[in-house]
Amino acid sequence: MPAQALPSRSAPPRHDMSVILVTGSYDHDIRFWEAWSGICSRTITRTNEQGQVNRLAISPDKRLLAAAIHKKVNVYEIASSSSTPLIVFDGHNSNITSVSFHSEGKWLVTGSEDGTIKIWDLRSTHLHRNYDNEAPVNDVVVHPNQGELISCDQAGRIKQWDLSENLCTHELTPAGDTPMRSISLASDGSYLVAGNIKGKCYVWKINEDLPRFQAVTKFQAHNKYLTRCLLSPDVKYLATCSADTTVKIWSLCSNHEFKLEKTLQGHQRWVWDCAFSADSAYLVTASSDHTARLWEMASGETVRQYNGHHKAAVCCALHDGAG
């Protein structure tokens, strides 16, 4: 997060639209926050619309917010005050578990418990591609090369999808049929990390030659359900969220091992989601205790708490880089 985006802790609060911070909740609301002051600047209330908000994503140009809401995706204009979505993508038959933008902002990728991964065209608002994963999809990420997707599923598999070949090119099953809950890909494409429901993390080094995925380490991150794993933009840290109410920060060592750096404690219930700032100096988390928190990585302390949701806050999105 650039210095001008989130100032030092002693700096005065101010409203800065260069920082987009959003949370979603089982209360059906989507809230925009002034990151430093903790003030809720806008609420998208969906009073006549059913379904909790599962995942959020902000477009690279900071213009659009994609919200996975049960079986559909609502796309909102961030600069607008309207609660009416600009686009609605409706085509999944079950809960959407993942949503992310392609780097150019022309495509939106979703994964669902219906066992499919779909690519939507934001320009024509139509379904562009559909992949049958044959098992409920728990997470999908877009490779930094923008030509591949990597997914994980309830059957314990991790798959790489080649967008040019339109097929699955690699498959990993590191823990048998134990469901894989979350995956994260390094911003430079060098590492892949996956976490399963038993709290274990698996790490692969990604090579351009064969074997493409080289297993380098695995470790027990939590003793309870792992909900999210996320590599920092600078690829120096890994954050893991869990049902044990904590977030753990792991540092990547030169031997490809991960060492526990610190445990972030403060949430009272499950921690569902997290998002790093662009400079990897801050982390936002969302929890079943109805709150979101902003953590300073250097100290491991809560810088700000965001109060306003009246049910579990299960997803968050942060974009404070260049638009």
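Any idea which residue in the stretch 39-51 is modelled with the highest pLDDT, counting only those that are open to solvent by 20 Å² or more (accessible area, probe 1.4 Å) and assigned to a loop (DSSP other than H, G, I, E, B)? Walk me through it before giving the result.
Of the residues in the stretch 39-51, the ones open to solvent by 20 Å² or more (accessible area, probe 1.4 Å) are 39-43, 45, 47-50.
Okay, now just the ones that are also assigned to a loop (DSSP other than H, G, I, E, B), so 39, 45, 47-50.
Details: Ile39: 97, Thr45: 86, Thr47: 67, Asn48: 67, Glu49: 72, Gln50: 74.
Within the stretch 39-51, the match that is modelled with the highest pLDDT is Ile39.
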*Could you count how many residues in the stretch 1-38 are at pLDDT below 95 and among the basic types (Lys, Arg)?*
2
*Just need a number here: residues in the stretch 196-232 that are open to solvent by 10 Å² or more (accessible area, probe 1.4 Å) and of a type in the set (S, T, N, Q).*
5
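Select the strands (runs of 3 or more DSSP E) contained entirely in the stretch 283-323, then report the ones holding at least 3 residues which are open to solvent by 20 Å² or more (accessible area, probe 1.4 Å) and either at pLDDT 95 or above or not small (Gly, Ala, Ser) (or both).
Working: elements: 292-296, 301-306, 313-319.
Qualifying strands (runs of 3 or more DSSP E): 301-306.
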_Candidate set: the stretch 258-282, residues that are open to solvent by less than 10 Å² (accessible area, probe 1.4 Å) and hydroxyl-bearing (Ser, Thr, Tyr); chosen: the one nearest to the chain's Cα centre (by Cα)_ = Ser277
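For the stretch 91-148, which fully contained strands (runs of 3 or more DSSP E) count at least 3 residues that are open to solvent by less than 50 Å² (accessible area, probe 1.4 Å)? Write out each step before concluding.
Details: elements: 96-101, 107-112, 116-121, 127-132, 137-142.
Hits in the stretch 91-148: 96-101, 107-112, 116-121, 137-142.
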*Hey, does the stretch 217-235 have a residue that's farther than 26 Å from Ser299 by Cβ and not in a loop (DSSP other than H, G, I, E, B)?*
yes
*Within the stretch 81-139, track down each residue that is farther than 30 Å from Asp177 by Cα and aromatic (Phe, Trp, Tyr).*
Phe89, Trp107
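I'm checking my understanding of the structure. Among residues of the stretch 169-195 that are in contact with a Gly (Cβ under 7 Å, 6 or more places away or on another chain) and part of a strand (DSSP E or B), which one is surrounded by the most Cβ atoms within 10 Å (Cβ to Cβ)? Let's see the steps before the verdict.
Taking the stretch 169-195 first, the residues in contact with a Gly (Cβ under 7 Å, 6 or more places away or on another chain) are 173, 175-182.
Then keep just the ones that are part of a strand (DSSP E or B); that gives 180-182.
Numbers: Met180: 28, Arg181: 23, Ser182: 24.
Out of the qualifying residues, it is Met180.
The values are calculated or read from the model by the stated rules, or taken from the named source; none is laboratory data. Being a predicted model, the structure only gives us computed values, none of them experimental. When we count neighbours, we look across all protein chains shown, and the Cβ atoms used for this are built from the backbone with ideal geometry, even at glycine. For accessibility, only protein heavy atoms count, side chains too; no ligands or nucleic acids. Shrake-Rupley method; radii C 1.70, N 1.55, O 1.52, S 1.80 Å.
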